[in-house]
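As structure tokens, the structure follows; a few thoughts come after it.
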Amino acid sequence: MNTIQFQPVGMVAGNRLVINTEYLGGLLNIGECEYLDVVYYFHESENKTFPLSGITRSGAERGVFASRSPNRPNLIGITTVKLLEIKANELVVEGLDAKNGSPLLDIKCCDTSLFAQSADKNPVHQSIIRSEPRIEIKNHILRKETELLLTKAGQLHGHYCPGLAMGIMAAAFAMSEMRADSDGMEDLLAITETNNCFADGVQFVTGCSFGNNGLIYKDLGKTAFTLTKRDGKGIRVCSRPESQEVLHRSFPAFRECYGKVVTQQNHDPELVAEFKKLGLERAFGTLTIPFGELFDVQHVTTDIPSYASIRESVVCATCKESVMINRTVTEGTAHYCYRCAGTTYPILTGDGISVQ
């Protein structure tokens, strides 16, 4: 076998990983990785002979491949660390077990998704999930495990932010108070008054969505939603007027970064990475703020629509695409979709509902 050569990308200096300047580009967005796998060289263990087994620190006898001994066929160490801070070309970490001066061979974002995938493929687990799709979410609500709800909601929302966290808090509270759950059959309805991040938290926790007709949208621009059953009796949770100031005081650094990335639309990669990191801290930190400091709660009775109608689909005479008949313009026996007919139609964007 040919000799394998490695080129160090940096070195260990105490609790810091110092990266060589030529590899600085590899640190792009590393702030999004809370945990890192660090690969390094046992620079003080260079010997040609090594035992294949020995006594570990715990007193057990193990083979070299079943231990973390530095005396190995190839003098390579691997450890998982928590990233605390980034200073130019230095990563301040926690949990590093490499000696000072150890050459760094590689750094990777820690990934345990294969373990989760294995659990998801467990036949017993799959049988339970298929018979009751929301059982995990339901259990998290019952146990008041808002951090786990927020973690999973991030898969839907794409990032973590205070708005998503507030949606989780509001929805989990209402679901617990009403002892409710959704099977996607329109018996439980969530009426959201905003279409921002808050609404995604509501959809995830309640199970009420546009797709199952359980989510109703009122274009009022308020961080609020109502959870109700078919009798119209429910709970309305609305953010308090001072809630934003409470959040700003709790997480001052996020406000400045938010202004640059979101308000000014500055999408510089490093700035976006910092925004995501601060957003993560503020999102999960929001969950620790007392509920009463952020929300007001009302027991309400509200008008609700009837169950969604099943509409016939027809083919547009122009574009030949299938379209619900109540979204067409009819001329004689021909049907035309709104676009082909040149008819105005409502559209929901980040600014709310408007006419296209």
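Label positions at L156 and S113, each projected 7 Å from the Cα along the C-beta direction, are separated by 2.0 nm. All other residues with a Cβ under 11 Å from the Cβ of P269 taken together, and with Lys, Arg as +1 and Asp, Glu as -1, what is their net charge? Net charge in that neighbourhood comes out at -3. Going from the residue with the fewest nearby Cβ atoms within 10 Å to the one with the most, I304, I191, I325 rank I325, I304, I191. Annotation: average projected area of the stretch 210-269 is 6.8 square nanometres, based on the convex hull of Cα atoms across all directions.
When the Kirkwood radius is taken over all Cα pairs of the stretch 313-355, what Stokes-Einstein diffusion coefficient follows at 37 °C and 0.692 mPa s, in µm²/s? Value of D from the Cα-based Kirkwood radius: 299 µm²/s. When the alpha carbon coordinates of the stretch 243-310 are projected onto the principal axes, the ranges are 49, 36, 19 Å, largest first.
Kirkwood radius for the chain, taken over all pairs of different Cα atoms as the inverse mean of 1/r, rounds to 24.9 Å. Calculated FRET efficiency, Q7 to V262, Cβ-Cβ distance, R0 = 51 Å: about 0.80 to the nearest 0.05. Ranking of F42, F275 by neighbouring Cβ atoms within 10 Å, starting from the fewest: F42, F275.
Here the stretch 118-306 carries DSSP beta bridges of which approximately 85% are antiparallel, counting only pairs with both residues inside.
Here, the stretch 196-323 has an Rg and a Dmax of 19.8, 58 Å when only alpha carbons are counted.
Neighbour counts of C-beta atoms inside 10 Å place Y338, Y40, Y258 in the sequence Y338, Y258, Y40, starting with the fewest. Compute the signed sum of charges (Lys and Arg +1, Asp and Glu -1) over the other residues within less than 11 Å, Cβ to Cβ, of G10. That sum, taken over residues with Cβ under 11 Å, equals -2.
Kirkwood-type hydrodynamic radius, the stretch 118-306: 17.3 Å, calculated from all non-identical alpha-carbon pairs.
Start at zero, step by 5 Å, and the Cα-Cα distances of the stretch 1-107 spread as 2, 12, 20, 21, 17, 12, 9, 5, 1 percent across the bins. Shown for the chain are the DSSP H helices of 20 Å or more along their axis, judged by Cα atoms, with a mean Kyte-Doolittle hydropathy of at least 0.0: 162-178. Straightening the chain between K229 and E245 buys 2.5 nm, computed as 0.36 nm per residue apart minus the Cα-Cα spacing.
Exceeding 19 Å between C-alpha atoms, which entries from my cross-link table qualify? They are K222/K276; K222/K260; K82/K108; K218/K276; K82/K121; K138/K218. Beyond 19 Å: K222/K276; K222/K260; K218/K276; K82/K121; K138/K218.
Once the chain from Y35 to S176 is taken as fully extended at 0.36 nm per residue, the excess over their C-alpha distance is 47.4 nm. Counting Lys and Arg as +1 and Asp and Glu as -1 over every other residue whose Cβ lies under 10 Å from the Cβ of T79, the net charge comes to -1.
As a rough guide to protection, the peptides 265-273, 142-150, 170-178, 198-206 ranked by mean Cβ packing within 10 Å, highest first, stand as 198-206, 170-178, 142-150, 265-273.
Bear in mind these aren't lab numbers, they're just calculated from the coordinates by the rules spelled out. Worth saying up front: this structure is predicted, and the values here are computed from it rather than measured. All Cβ positions, glycine included, derive from the backbone under ideal geometry; neighbour counts span all protein chains shown.
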